[in-house]
Every structure is written in C-alpha cells, then in structure tokens.
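The values are calculated or read from the model by the stated rules, or taken from the named source; none is laboratory data. As the structure is a prediction and not an experimental result, all values here were calculated from the model. Glycine also receives a Cβ, built like all others from the backbone with ideal geometry; neighbour counts cover every protein chain displayed. Side chains are part of the model used for accessible areas, which takes the heavy atoms of the whole protein and leaves out ligands, DNA and RNA. Shrake-Rupley method; radii C 1.70, N 1.55, O 1.52, S 1.80 Å.
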Amino acid sequence: MGRVAIVTGGTRGIGRAICEALAANGLTVVANYAGNDEKARAFTDETGIPAYKWDVGDHEAAIEGCRQVEQDVGPIEVLVNNAGITRDGTLLKMSFEDWSEVLRINLGGCFNMAKACFPGMKERGWGRIVNIGSINGQAGQYGQVNYAAAKSGIHGFTKALAQEGARFGVTVNAIAPGYIDTEMVAAVPEAVLEKIVARVPVGRLGQAEEIARGVAFLVAEDAGFVTGSTLSINGGQHMY
Ligand code: CAA
C-alpha cells in the first residue's frame, strides 16, 4: 500500500485528475468533497477511490474528517488542498457573504486541513502539502477581489508553512493554475472567457491533467528539496 494522500474537492475537475494521477503513481488516495453526492458516487464507482464528505471551511468538520480517514485508511502523508469556490462579481456588487464564503472555504480550508494533517507529518518526519492557488491570486482579476485575495493568501500561507515544515521533512508548495477546462471556468461568461483565452500564449485552456502532473512532481519521494515554491501552469498567460 502506498502513502496515503488526501485531495480536497477531489471528486470533480482538477481534484479528480489529481486523485487519478496520484493513484496511478501507487499512492493510496482518498478524496474529500463538500456538496455533490451524485458526482461523488459516480467518481468512486469509476475510480475505486473513496470519497469522504465534509466542508473544508468548517474547522471541526475538517479535523474530525481527517481523523476518520486516518482511522479507516492510515496516516495522511500527502495533503492536496484543492477545494475552492468562486463567487465572482465586482466589489460594488459583491455581498459580504460572497467575500467571506470564498475566504472561509478557499483559504480557511487550507488552514483547517493543515491543522489536521501537519502534526502527524511532523511527528513521522515526512510529509507533502500542495496548495492549489491561482494565476488570479498572482495577477488579480477583474470581478474577483474575494477569490484573488484568498488565492494570494494561499501563496503566502504556502511560503510560511514551508519554513515551519522544512526541518521535519515536510515540504509545502503551491501550484498556480491558469484557466483550466473545468466547470468553474465554464461558468465564466463566454464573451469574457474568449477575451481571456486570446491572451494565453499557448492559445487554449489548460487540461486538469496538466495540473495533476505538477502535483505528482511535487509530492514525489525525490522532491524533498523543493519547498516553498509556486509552480505556475498557465500556458504562459502570466510570467514572473
Ligand atoms: N478590465 C477593465 N474593465 C473591465 C474588465 C476588465 N478585465 N472586465 C469588464 N470590464 C468592464 C466592462 O467593460 C464593463 O464596462 P462598461 O459598463 O463601461 O461597458 C464593466 O466593467 C462591467 O463589466 P461586466 O458587464 O462584465 O460586469 P458584470 O457585473 O456583468 O460582470 C463579472 C462582472 C461577473 C466579474 C464578469 O465580468 C466575469 O464573470 N468576469 C470573469 C471573472 C473571471 O475571470 N473569473 C474566473 C473564474 S475561474 C477561476 O477563478 C479559476 C482560476 O483560478 C483561473
């Protein structure tokens, strides 16, 4: 049995591709999801990967959920914080709820899951944490003050926790995806999305598997010297 990996928001989109890539590499993978039971059941039927339901933004639920996973499957050695939502709108139209829900789930979820998993990793002297940020956390995006703030926060969170984990063999890295062909991006109005894709040098949306490939690299046994880094996978849309 390979090392146990948990992928939040793992039953759909980028998360599903990450689950499948890690399982193909011999890890024992568990997915977490928050809402869509039907999609989660289909995911487990198709992949054989178990799916556990809790809201990563709920601190107690995340702690208890990880405890259950560890009891059922074994100590979590790889954590992929992928779960995230959008509630796009210009600041003028954005409600406080749209702001706080995105912060609570996208950024708070990383904290809650790390609180659950990091102590065991430290204790055992080995761990891998990969946080899924975003190009929009690096560059900002019109209509996303909430999402850009949360994702930018993830990049800071990554660099801070990387410093805390380094001497215990726990690496902490981020991936900053560009626009990937998922339901989340499909929800962007067509005319807006066309303009965005026109600015991608590679000339297309990314595929979820192209993000999963980056995660597989960062969690590998021999990736122990890579920590605190951000891997941008965005078709050249934002370079720095
Ligand atoms: N820069 C400057 N001005 C802009 C602009 C931009 N990028 N985009 C729109 N505007 C202007 C418009 O031209 C318009 O001006 P006028 O009224 O003078 O014509 C004004 O702002 C209002 O624009 P909208 O009509 O678009 O406003 P809206 O309220 O209907 O919609 C919005 C706003 C919901 C933010 C919509 O523009 C939108 O969905 N944008 C896409 C946001 C986005 O990229 N989300 C990414 C989701 S996927 C994801 O987040 C994954 C990931 O990590 C990459």
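Annotations
- Only one entry of 131, 146, 106, 136 meets the criterion of being of a type in the set (S, T, N, Q) and touching a Cys at 6+ places or on another chain (Cβ under 6 Å), and that entry is 131.
- Only one entry in 178, 153, 125 is open to solvent by less than 20 Å² (accessible area, probe 1.4 Å) and of a type outside the set (Ser, Thr, Tyr), namely 178.
- Pairing residues of segment 56-67 that are touching a residue at least 60 places away in the same chain (Cβ under 8 Å) with residues that are open to solvent by less than 10 Å² (accessible area, probe 1.4 Å), at Cβ distances under 8 Å and at least 6 apart in sequence or on separate chains, gives 66/6; 66/76; 66/113; 66/117.
- Residue within segment 137-144 that is within 10 Å of the ligand (Cβ to nearest atom), among the polar types (S, T, N, Q), free of Cβ contacts under 8 Å to residues at least 60 places away in the same chain and part of a helix (DSSP H, G or I) present: no
- Scanning segment 103-131 for residues that are in a helix (DSSP H, G or I) and charged (D, E, K, R) returns 104, 115, 122, 123, 124.
- When 202, 192, 188 are screened for being in a loop (DSSP other than H, G, I, E, B) and open to solvent by 40 Å² or more (accessible area, probe 1.4 Å), only 202 passes.
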